[in-house]
Amino acid sequence: MMENNRGVWVYMEQKEGRIVNVSLELLGAGRKLADKLNVPLSGVLLGDKVKHLCPTIFEYGADEVYVMDDPILKNYRTESFMKGVNHFAEKYHPEIFLFGATPNGKDLASAVATDLCTGLTADTTMLDVEVETRLLEASRPAFGGNIMATILCKKHRPQMATVRPKVMKALQPEMGSKGKIIEEPLDVEEENLRTKVLEIVKDTKKKLKLDEADIIVAGGKGLVDEKGFALIHELAEVLGGSVGASRDVVEAGWIGHDHQIGQTGITVTPKIYFAIGISGAVQHVVGMKNSELIIAINKDANAPIFDASTYSVVGDALEILPILIEEFKIALKQEEEEGEVKHA
Amino acid sequence: MHIVVCVKQVPDTRIIKVNPKTNTLDRRGIPAILNPFDSHAVEAGVRLKEKVGGTVSVLSMGPPNAVKMIRKCVEIGADEGYLISDRFFAGADTLATSYALYKAFEKMLEEKPVDIIICGKQTIDGDTGQVGPGIARRLDIPPITNVIEIKEVDEKAKKVVVKRKLEDGYEMIESSLPCLLTVEKDINPVSYSPLPNMIKAARYEPTIWKVDDLNDVDKKQLGLKGSPTIVAKMFAPPKLEGGKKIEGNAEQQSKQIVSLLLEKPELFEKKRGRA
Ligand SMILES: Cc1cc2nc3c(=O)[nH]c(=O)nc-3n(C[C@H](O)[C@H](O)[C@@H](O)COP(=O)(O)OP(=O)(O)OC[C@H]3O[C@@H](n4cnc5c(N)ncnc54)[C@H](O)[C@@H]3O)c2cc1C
Ligand SMILES: Cc1cc2nc3c(=O)[nH]c(=O)nc-3n(C[C@H](O)[C@H](O)[C@H](O)COP(=O)(O)OP(=O)(O)OC[C@H]3O[C@@H](n4cnc5c(N)ncnc54)[C@H](O)[C@@H]3O)c2cc1C
């Protein structure tokens, strides 16, 4: 039975006609696995009027796309999406099937794995495959990120995993890449579905979404109190960045949970991340370590945050921040004026 | 209305220590507690009961000492507790767990119908969030995950409307009953237990079923044997290297940071664009 299962599949989550980033990242990760196993890489795409996304999926590395395009699939619902995905999986039996660990990706993967009666590894952050045994080695942080566990699924196929956003890397898209499209109809009637999406409401309150910010200034308990933490807001304002925080700061009530970075908050990968007065507990570091450039300010030279940082500043944040804010104000004003001269 | 909340006893992983040399967990003295997410699920069940009437049962698969955790649920306001406990269940991954709990639901359904099932969003030990949707699939009822509010319940029309959290907002979903919800912590705070509940809880004895008390169980699908996934190894997370030190007094350090960042002018484009 298991010998019939071939191919690496990635579920292509889309939202309002755009493929979400984690799915493109998974095509990058899936490409490596498929090459090692010498099998095709396929995207699985479901939605309403989504066929035009196939070229993008090829450009990001897929050889094939399985598509189901139906008005019933306009909004995500477990029932209808699960039916569609199961149809493809039961007919074409992949050996590996990856999903983004988003709310909908996790929801869908859990339902699909139950129906296919196979194993599902949750929230994976490392993926590899052992070529001889063709086993997927899916590793995930456990017990608060203090330890990693590698999970195998030896006897059931497909081997399924959900993978955290922002840990895998998407490939550079290759414009004009082509592949095979396998389109099949969805066998579901609206009147047989038991759930309805009544409305979708976007949260417009958050001015700049933290996980999309280029610059994040994050503060920890080292700022001492809310007054000290105000300096974090000030620096972020000057740089046009967003404010992040450690869990202890959120628990102290200095800022809302929306700003918490880390394992139980959000994962971010900005171009610049300031970690100020943050000790660098693993639970915090997992949420920011993939930032492009990390500047840590801490008065304890042995703080673990310095292991994760690109630049380490040992010093008192309450002393450094006011000076830093002033220096940035001056420097940015100069840049601006020079810029204006150039444009004039 | 019969509301059933699934609850799991977990080690308090928030205080668990990992031995960095051996990569093993030091479980000594770590208390077993009600999974924190599940306390919100029980509370959600109790509040729903206060609104529409009925009973709240809790169901757990776990070791015999999980009785204590079930008493905790009675303190929060649950009326009945069911525990399935047997060595056949041990070592289950999420697939085998949802199978065992599904069999327990079948048994419960012989006594009375279930209108709504509530699970926590995830546990703090296995931390997968997969068990709830798995139970729903096996019972063939709709699962709705990441619920932050139960907006309306219409018992006659057998319908609920719930608010489901998304990454960038929320959606309102209408579902027929019975259905299964997994709830976020945001759904409600857990209130202090009233004294009468505490008194009832102290003496409460839940219904305990062993595997042979359930009907038509395929033992091959239970516990370690019935689990497709295995934890093959544990290892320390990859070590980070650390970077360059910026020396000097506060002023010198600030100047260096500024000039470092100004070397990356593209980073300030947005700011300038707005200015
Ligand atoms: C380090 C580690 C990693 C693991 N990784 C995986 C993995 O990737 N895939 C996998 O399939 N298994 C995995 N497991 C096994 C799995 O976590 C559990 O053993 C399984 O029984 C329950 O899954 P969970 O704790 O993730 O529950 P979740 O799915 O996170 O729990 C969600 C909700 O389901 C209900 N629930 C869960 N368990 C019970 C129960 N016993 N009784 C009543 N209600 C319950 C509760 O309402 C709970 O809030 C892992 C275990 C460990 C120790
Ligand atoms: C299951 C679990 C999940 C968790 N999830 C998260 C999460 O998502 N995100 C998260 O952040 N945490 C999380 N935590 C908590 C985490 O373990 C730490 O407790 C937390 O990150 C510490 O916050 P902190 O660095 O602000 O505070 P502390 O650890 O108290 O560190 C304060 C730091 O500031 C420095 N300092 C003090 N004064 C100054 C000064 N004047 N100038 C400069 N530096 C100074 C100190 O040297 C110290 O390093 C989680 C924990 C658990 C168990």
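Placing +1 on the Cβ of each Lys and Arg and -1 on the Cβ of each Asp and Glu in chain A, which of A:Ala296, A:Ala111, A:Gly30 has its Cα farthest towards the positive end of the resulting dipole?
A:Ala111
Cut-off 10 angstrom, C-alpha nodes, Gaussian network model of chain B. Which of B:Gln130, B:Gln252, B:Gln122 fluctuates the most?
B:Gln252
Using r as the Cβ-Cβ distance of B:Lys17 and B:Ser176, and R0 as 51 Å, what FRET efficiency do you calculate, to the nearest 0.05? Present the calculation step by step, with values, prior to reporting the outcome.
Details: r = 47 Å, r/R0 = 0.92.
E(calc), rounded to 0.05, equals 0.65.
Using only alpha-carbon positions, what ratio does the radius of gyration of segment B:141-207 give when scaled by 2.2 N^0.38 Å?
On the way: Rg = 15.7 Å, N = 67, 2.2 N^0.38 = 10.9 Å.
Computed over Cα atoms of segment B:141-207, the ratio equals 1.44.
With each label point set 7 Å from Cα along the Cα-Cβ vector, what nm distance links A:Glu190 and B:Glu251?
The answer from the label model is 7.2 nm.
Quote to one decimal, in nm, the extra length available between B:Ser259 and B:Arg87 on full extension: 0.36 nm per residue of separation minus the C-alpha distance between them.
On the way: separation 172, 0.36 × 172 = 61.92 nm, distance 6.41 nm.
Full extension of this stretch gives 55.5 nm more.
Using a Förster radius of 45 Å, what is the FRET efficiency between A:Asp115 and B:Ala236 based on their Cβ-Cβ separation? Nearest 0.05, please. Before the final figure, lay out each step's value.
Working: r = 36 Å, r/R0 = 0.80.
After rounding to 0.05, the efficiency reads 0.80.
Summarise the partner chain shielding of A:121-133 as one whole number: the mean count of Cβ atoms from other chains within 10 Å of each residue's Cβ.
On the way: counts 7, 8, 4, 0, 2, 3, 0, 0, 0, 0, 0, 0, 0.
Mean shielding count: 2.
By how many nm would the segment from A:Lys74 to A:Lys15 grow when fully extended, if each residue of separation counts as 0.36 nm and the alpha-carbon distance is taken off?
Details: separation 59, 0.36 × 59 = 21.24 nm, distance 0.94 nm.
My answer for the length gained is 20.3 nm.
Would you list which lysines come within 16 Å of B:Lys156, measuring only between C-alpha atoms, while excluding same-chain residues fewer than 8 positions from it?
Partners found: B:Lys49, B:Lys51.
If you split all Cα-Cα distances of chain A into 20 Å bins from zero, what percentages do you get per bin, shortest first?
Values per bin, smallest distances first: 28, 48, 23, 1.
Would you mind putting A:148-155, A:273-280 in packing order, based on average other-beta-carbon counts within 10 Å, highest first?
Values: A:148-155: 18.4, A:273-280: 27.1.
Ranked from most to least packed, the peptides come out as A:273-280, A:148-155.
Using the number of other C-beta atoms within 10 angstrom as an exposure proxy, rank B:Leu95, A:Leu24, A:Leu186 with the fewest first.
Values: B:Leu95 26, A:Leu24 23, A:Leu186 17.
Lowest count first: A:Leu186, A:Leu24, B:Leu95.
For segment A:210-343, please report how many Lys pairs fall under 21 Å Cα to Cα, leaving out neighbours fewer than 8 apart on the same chain.
Close lysine pairs found across segment A:210-343: 9.
I need to check one value: relative contact order of chain A, counting alpha carbon pairs closer than 8 Å and at least 6 residues apart, in percent.
Working: 695 pairs, mean separation 47.8, N = 344.
Reported as a whole number, the value is 14 percent.
Expressed in nm to one decimal, what extension gain is obtained for the pair A:Asp225 and A:Glu3 from 0.36 nm per residue of sequence separation less their Cα-Cα distance? Please report the intermediate quantities before stating the final value.
Numbers: separation 222, 0.36 × 222 = 79.92 nm, distance 6.10 nm.
Full-extension gain reported as 73.8 nm.
Can you pull the mean other chain C-beta count within 10 Å for peptide A:71-79? Before the final figure, lay out the partial values.
Values: counts 0, 0, 0, 0, 2, 3, 4, 7, 5.
So the per-residue partner count for this stretch is 2.
Across segment A:304-314, in residue order, what do the Karplus-derived ³J(HN,Hα) couplings come to in whole Hz, using 6.51 cos²θ - 1.76 cosθ + 1.60 with θ = phi - 60° and x for Gly and Pro?
Each residue's phi maps through the Karplus curve to give x, 4, 5, 5, 9, 8, 7, 10, 10, 10, 8 Hz.
Can you tell me which of A:304-313, A:318-327 comes out highest on packing, and rank the rest after it, using the mean Cβ neighbours within 10 Å?
Working: A:304-313: 22.6, A:318-327: 18.9.
The most tightly packed comes first, giving A:304-313, A:318-327.
Can you give the Rg/Rh ratio of the protein assembly as shown, where Rg is from the C-alpha atoms and Rh is the Kirkwood radius?
On the way: Rg = 25.6 Å, Rh = 26.1 Å.
A ratio of 0.98.
Please label the shape of segment B:2-221 as rounded, prolate or oblate, based on the square roots a ≥ b ≥ c of the eigenvalues of the alpha-carbon gyration tensor (a/c under 1.5 means rounded; beyond that, a/b larger than b/c means prolate, else oblate). Walk me through the numbers before you get to the answer.
Numbers: a/c = 1.34, a/b = 1.25, b/c = 1.07.
Judged from the Cα gyration tensor, segment B:2-221 comes out rounded (a/c under 1.5).
Over the whole of A:304-311, what's the average partner chain Cβ count within 10 Å per residue? Rounded to a whole number, please. Don't jump to the answer; show the numbers that get you there.
Values: counts 2, 2, 4, 5, 4, 7, 5, 9.
Going residue by residue through A:304-311 and averaging, the value is 5.
Since every read-out is calculated from the coordinates, none of them should be taken as a lab result. If you're wondering where the values come from, they're calculated on a predicted model, not measured in any experiment. For neighbour counting, all protein chains shown are included, and Cβ atoms are generated from backbone atoms with ideal geometry for every residue, glycine included.
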